[in-house]
Amino acid sequence: MNIYVMTDAEGLCGIFDKEQVNSDGSRYNECREYMTREVNVVVEALKEAGADRIYVRDAHGGGNNVIWDKLSDKAYRYIIGNTGKDRFIGIDDCDGVILLGYHAMAGTRGAVLEHSMSSARIQNYWINGMPAGEIAIDSGIAGDFNKPVIMVTGDDYACREAKKLLPWTVTCEVKKSTALYGVMIPPMKQAYALLAEKTKEAYGKLKSMKPLVYDKPITFRVEVVERNAVPNPYAKPYLKIIDGRTYEVTADTMEEALFRHY
């Protein structure tokens, strides 16, 4: 079976500060190293569990975080940089999805580096009236391709969010959040051993997992941080203005809804 690994940054073990996850941050090199190491742990564990092809998509920021010459040679393809409107490019060839290094949705009190897509722009998202973050969005995109999310990794808040949305999925809690910019973490070897164990468990349970598919058409509501960030409805006639900070788009798929709202 083939697996798609979608990796973010804020939920990686060892990440706790915005200076680590911003490309111009003073500690950004730590993020690159930690992401590369966690990807390698997951790739190696998947191969040991019997996976055939493994696709890895660097999905944090501009998608140029992993260090190519330090990546495991056991993956089939690494997807780095801009993929246009194909957020999960290559997913058709896969049987299940892992969301690696994910974080809690915007407004989750106490969760480390909580946000939804953009902390500078987005206050809240709703999918068909349900509060949603990146775990819900990406699980829905995968679901529209009939692919189940078999594992979500991140802090304790992200794992609880994932379990509520995807009760069948395996979660891997690599750290406990103590504040927006603070975590309690195990030693690196312990964290990576847990990550490998949970990856193998998730792969073994793949056939019992199911995709998350939202009712269609999808209504995607967006509340922005600033009033003047609401898009111009004349440029986007499919957009419905709710108030000075909130608008909605409808779409036939989760991926289309995500890209329509920008």
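No lab work stands behind these numbers, since they all come straight from the coordinates. Quick caveat: nothing in here was measured; it's all calculated off a predicted structure. For neighbour counting, all protein chains shown are included, and Cβ atoms are generated from backbone atoms with ideal geometry for every residue, glycine included.
Things to note:
- Kirkwood Rh and Cα Rg combined as Rg over Rh, evaluated for the chain: 0.95
- Distance from the Cα centroid of the range 5-26 to that of the range 184-213 is 19 Å (rounded to whole angstrom).
- Applying both filters, DSSP loop and at most 16 other Cβ atoms within 10 Å, to the trypsin sites (Lys or Arg not before Pro) of the range 122-209 gives K205.
- Radius of gyration and maximum dimension Dmax of the range 81-149, Cα, Å: 13.1, 38
- Where the Cα pairs of the range 115-262 fall when distances are cut into 10 Å bins, in %: 11, 34, 30, 19, 6, 0
- Between helix 156-165 and the chain: long-axis angle, C-alpha atoms, 0 to 90°, nearest 10: 70
- Inter-label distance for D73 and E48, nm, one decimal - labels placed 7 Å from Cα along Cα-to-Cβ: 2.0
- Vicinal HN-Hα couplings computed from phi for the range 252-259 (Karplus, 6.51 cos²θ - 1.76 cosθ + 1.60; Hz; Gly/Pro x): 7, 9, 5, 5, 5, 4, 4, 7
- Considering helices alone, the calculated mean residue ellipticity of the chain at 222 nm is -8500 deg cm²/dmol, with DSSP H runs of length four and up weighted by -39500 (n - 2.57) and normalised per residue.
- 3J(HN,Hα) along the range 87-92: 4, 10, 4, x, 5, 4 Hz, from the Karplus curve 6.51 cos²θ - 1.76 cosθ + 1.60 with θ = phi - 60°, whole Hz, x for Gly and Pro.
- Residues whose amide H comes within less than 5 Å of that of V5, counting only those at least five positions distant or on another chain, are Y55, V56, R57, I98 (H built at 1.01 Å from N in the peptide plane).
- Each of Y234, Y203, A193 was placed along the dipole of the range 178-244 (beta-carbon charges, centred on the mean Cα), and the one lying farthest toward the positive end is Y203.
- Anchor K70: lysines whose Cα lies under 19 Å away (excluding residues fewer than 8 positions away in-chain): K47, K189
- Helix 188-204 vs. the chain, principal-axis angle (Cα, 0 to 90°, nearest 10): 80
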